[in-house]
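Below is one structure. I have some questions about it.
Where a number appears in this text, it was derived from the coordinates with a stated rule and is not lab data. Keep in mind that this is a model prediction, so the values were computed, not measured. All Cβ positions, even for glycine, are placed from backbone atoms using ideal geometry, and neighbour counts span all protein chains on display.
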Amino acid sequence: MLQVALGWELYERTHSAFALGLVGLVTAIPVILLALPAGHLADKMDRKKIVTAANVLFVLMSLSLAAVSHVKGPIPLIFVILLIRGIGQAYNNPARSALLPRLVPAEVFTNAVTWSSSAFQTAAVVGPAIGGFVIALEHRATAAYVIDACLTSIYVLMLFAIRGDHGIQASATSLKPREKMTLESLVAGMKFVQQTKVVLAALTLDLFAVLLGGATALLPIFAKDILHVGPDGLGWLRAAPSIGALIVMVGIAHRPPMQKTGRTLIGSVAGFGLCTVIFGLSKSFGLSMAMLFLLGGLDGISMIVRGTLVQLWTPDEMRGRVSAVNSVFIDMSNELGGFESGALAAVVGPVIAVVGGGIGTIIVVTAVARAWPELRSLGELAPPNIAA
């Protein structure tokens, strides 16, 4: 809902593709700069407390955006708020990702990742739809920001209900006292990813796929100037990928574990690129919705594979730092991908920017598949000592 509101308000007030892309850059900067110390902190402190503090900051920033929107404050102030929010996101992402394995036993972890991702996708379906409706009703984004703050507050309260420590290696890896932050401890996560070829290949694949295929950042332009469907249509366009991802994830949750995980991942990311190309060329709202739906479903497969690999193949005492590296690779590739798409669209137009990104994604998939045969041969998702 927040992203829909931001996209609609910025494009409505600036009519600038570059402004839409700048949202991604401003959000990405603090995450990239703070990822390593944030990961170190997630391994040395109570992860639940870090996530709680970050989300309190998110509430305050959403209320700040509501105030700026209500008075039509200066556009630069919006980017300042997003920069501060990005600082909270830098600490939230690794701590949140590393929290789940401490709560869920290894034998059901893959299924837990699927349901967790499905819950997120459900919100990502409902949020944009409600956001588009609220904006269309009020003709401004203020109410959407307020609703976002209220829902995030509920999440903060629910975090306090988490009790116990029953997850993977829980008894052997209770939280340690704070240790001195050194260069060696900061880069430990990067070294682990570099040495674990399957994880490195999966992260690299998603990094460039999302970086090049950042079509969602340009949806306000497609909704208003190409498909002519207004804020309601923008809400549905924004929700379509999540609808596809949700259906795929629920389906996967009820099926046996993947047996040819590597080939499935490679095929899904290649399909993601192809759907991006067709979406960029489409002038039909129905076809555009269909491509975003398929794109989201294929991305859902990638999310499950990557999320399970990163957590199952990483020792608990390093999950915060490895999750921080994952944030730089994946979470911020969304933001930098949005900046790349917005900046390129400002020069060559949105259609060429999206189509070119989709083609680039397909090229990257081919290169990664050739460079890391370990990924092609990856079988069933499991911890490395029992992986097929």
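Mean Kyte-Doolittle of at least -0.5 plus a Cα span of 27 Å or more along the axis: flag which DSSP H helices in the chain meet both, please.
Helix filter hits for the chain: 17-44, 47-71, 75-99, 109-138, 230-253, 261-281, 285-312, 350-371.
Continuing with this model, one more query. For a distance above 27 Å, tell me the whole-number percent of Cα pairs in region 196-349 that qualify.
Percentage above 27 Å: 26.
Quote the Stokes-Einstein diffusion coefficient, in whole µm² s⁻¹, for region 281-377, based on the Kirkwood radius over alpha carbon pairs, a temperature of 4 °C and a viscosity of 1.567 mPa s.
For the chosen part, D equals 82 µm²/s.
Shape of region 266-308 from its Cα gyration tensor (a ≥ b ≥ c, root eigenvalues): rounded if a/c is under 1.5, otherwise prolate when a/b > b/c, or oblate?
Here region 266-308 falls in the prolate category.
Taking springs between alpha-carbon atoms closer than 10 angstrom, which of Val348, Val328, Val56 fluctuates most in the Gaussian network model of the chain?
Val348
Give me Arg13, Arg238 ranked fewest to most by other Cβ atoms within 10 Å of their Cβ, as a rough exposure proxy.
Arg13, Arg238
Can you list, largest first and rounded to whole Å, the semi-axes you get for the chain by taking the square root of 5 times each eigenvalue of its Cα gyration tensor?
Listed largest to smallest, the semi-axes of the chain are 32, 25, 19 Å.
Looking at the calculated P(r) for region 22-99, what percent of the C-alpha pair distances fall above 16 Å?
Tail of P(r) above 16 Å: 51 percent of Cα pairs.
With a ≥ b ≥ c the root eigenvalues of the C-alpha gyration tensor of region 15-58, is it rounded (a/c under 1.5), prolate (a/b larger than b/c) or oblate?
Judged from the Cα gyration tensor, region 15-58 comes out oblate (a/c at least 1.5, b/c at or above a/b).
Which whole-number percent gives the relative contact order of the chain, counting Cα pairs below 8 Å spaced six or more residues apart?
Relative CO of the chain lands at 30 percent.
Sort Glu12, Glu138 so that the residue with the fewest other Cβ atoms within 10 Å of its own Cβ comes first and the one with the most comes last.
Ordered by Cβ neighbours within 10 Å, fewest first: Glu138, Glu12.
Here is a further query. Where Lys and Arg each count +1 and Asp and Glu each count -1, what net charge lies around Pro231 among other residues with Cβ under 12 Å from its Cβ?
Once all neighbours under 12 Å are counted, the net charge is -1.
Taking neighbour counts of Cβ atoms within 10 Å as a proxy for exposure, in what order, fewest first, do Lys72, Lys191 appear?
Listing Lys72, Lys191 from fewest to most nearby Cβ atoms yields Lys72, Lys191.
Using a cut-off of 14 Å between beta-carbons, work out the net charge of the residues near Thr196 (Lys and Arg +1, Asp and Glu -1, Thr196 not included).
Result for the neighbourhood of Thr196: +4.
Consider just the alpha-carbon atoms of region 1-135 and return their Rg together with their Dmax, both in angstrom.
Radius of gyration, then largest Cα-Cα span, for region 1-135: 16.8, 52 Å.
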